[in-house]
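**Q** The following block contains the structure, expressed as structure tokens.
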Amino acid sequence: MSKRIEATDLNVYYGDFLAVEGVNIEIEPRTVTAFIGPSGCGKSTFLRTLNRMHEVIPGARVTGEVLLDGDNLYAPGVDPVLVRRQVGMVFQRPNPFPTMSIRDNVLAGVKLNGGRMSKSDQDDLVERSLRGANLWNEVKDRLDRPGSSLSGGQQQRLCIARAVAVQPDVILMDEPCSALDPISTLAIEDLIEELKKEYTIVIVTHNMQQATRVSDKTAFFNIAGTGKPGHLIEYDDTSVIFSNPKVKATEDYVSGRFG
Ligand SMILES: Nc1ncnc2c1ncn2[C@@H]1O[C@H](COP(=O)(O)OP(=O)(O)OP(=O)(O)O)[C@@H](O)[C@H]1O
Ligand SMILES: [Mg+2]
């Protein structure tokens, strides 16, 4: 299940624009890693390279390698659709299919993958995934209601259930709580703590308290200026990044003295 991610000498381009340069990072299974850094430094760009979502943008490409338990995701012949099945993603804005039922939202990824399942297997998977996303008790009596009938925080947990349902090895989350209130945010953070037992988790966040609460490791990205590529500046235990970083730019950023 939970797998190790290793990026080596990764450069990410949008056409001719080098957006992120020379990232080397190793992310261990069953850990939560936070990506932090100022707007535009390439956190989302780099995150998307970890499941080849980057490639859906015309002109976007990478050089270097991303290994999942040693297998290069970018090797010739690797199917990006299978990569995205192994490495799931949760976005900033909860994006359930609005008219689809709660139940069908959970099954959406599995059905896309062409899986044929009996009704009772589907029911089991729906319950397991919704329990895994800590949403079951709130929705078990209204599984046939549309996804849009849920609150924002519930919708985000539904999206997590949808990601979990395909049984990935890794879950990537790009600012999953930025559209949520503090209570829903804490619910997602508790959930991340639970999911960590089974998955490798990477989360982009602008919320420093959140990074300290949920992550084991933190990666600080930065840019030297507009039009320059983003770099991974420092990567260490979260406690080190926030209390005793080695690089001055990291210290300035985490202490709010940035810019
Ligand atoms: N689809 C795209 N096409 C071209 N350039 C892009 C695209 N998406 C992002 N960029 C550029 O790549 C750089 C990194 O952007 P990215 O969205 O990865 O930053 P970020 O660190 O996630 O910022 P934020 O904290 O605001 O979300 C920026 O210069 C941005 O303008
Ligand atoms: Mg971003």
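Computed from the coordinates by the stated procedures, all read-outs in this text should not be read as laboratory data. What you see is a predicted model; the values in this text were computed from it and never measured. Quick reminder, even Gly has a Cβ in these numbers, built from the backbone with ideal geometry, and neighbours come from all protein chains shown.
**Q** How long are the three semi-axes of the equivalent ellipsoid of segment 107-259, in whole Å, if each is the root of 5 times an eigenvalue of the C-alpha gyration tensor, listed from largest down?
**A** Numbers: eigenvalues 251, 51, 40 Å².
Its equivalent ellipsoid spans semi-axes of 35, 16, 14 Å.
**Q** Just add up the charged neighbours of PRO38: K/R +1, D/E -1, any other residue whose Cβ is under 13 Å from the Cβ of PRO38.
**A** Taking every other residue near PRO38 into account, the sum is +2.
**Q** Okay, next question. Along the Cα-to-Cβ line of ARG131, 7 Å from the Cα, sits a label point; which residues in segment 161-181 have backbone N less than 17 Å from it?
**A** Flagged as within label range: 161-162, 164-167.
**Q** Please report the relative contact order for the chain, taking Cα pairs under 8 Å with a sequence separation of at least 6, and give it as a percent rounded to a whole number.
**A** On the way: 511 pairs, mean separation 71.6, N = 259.
In percent, rounded to a whole number, it is 28.
**Q** Here is a further query. So what's the chain giving for Cα Rg divided by 2.2 N^0.38 Å, two decimals? Display every interim value, and only then the final one.
**A** Values: Rg = 18.3 Å, N = 259, 2.2 N^0.38 = 18.2 Å.
So the Cα radius of gyration is 1.01 times the expected 2.2 N^0.38 Å.
**Q** With the cut-off at 25 Å, tell me which of the pairs LYS3/LYS140; LYS3/LYS217; LYS119/LYS196; LYS228/LYS248; LYS3/LYS246 have Cα atoms farther apart than that.
**A** LYS3/LYS140; LYS119/LYS196; LYS3/LYS246
**Q** Given a Förster distance of 45 angstrom, what is the FRET efficiency for SER255 paired with THR8, based on the Cβ-Cβ distance and rounded to 0.05?
**A** 0.90
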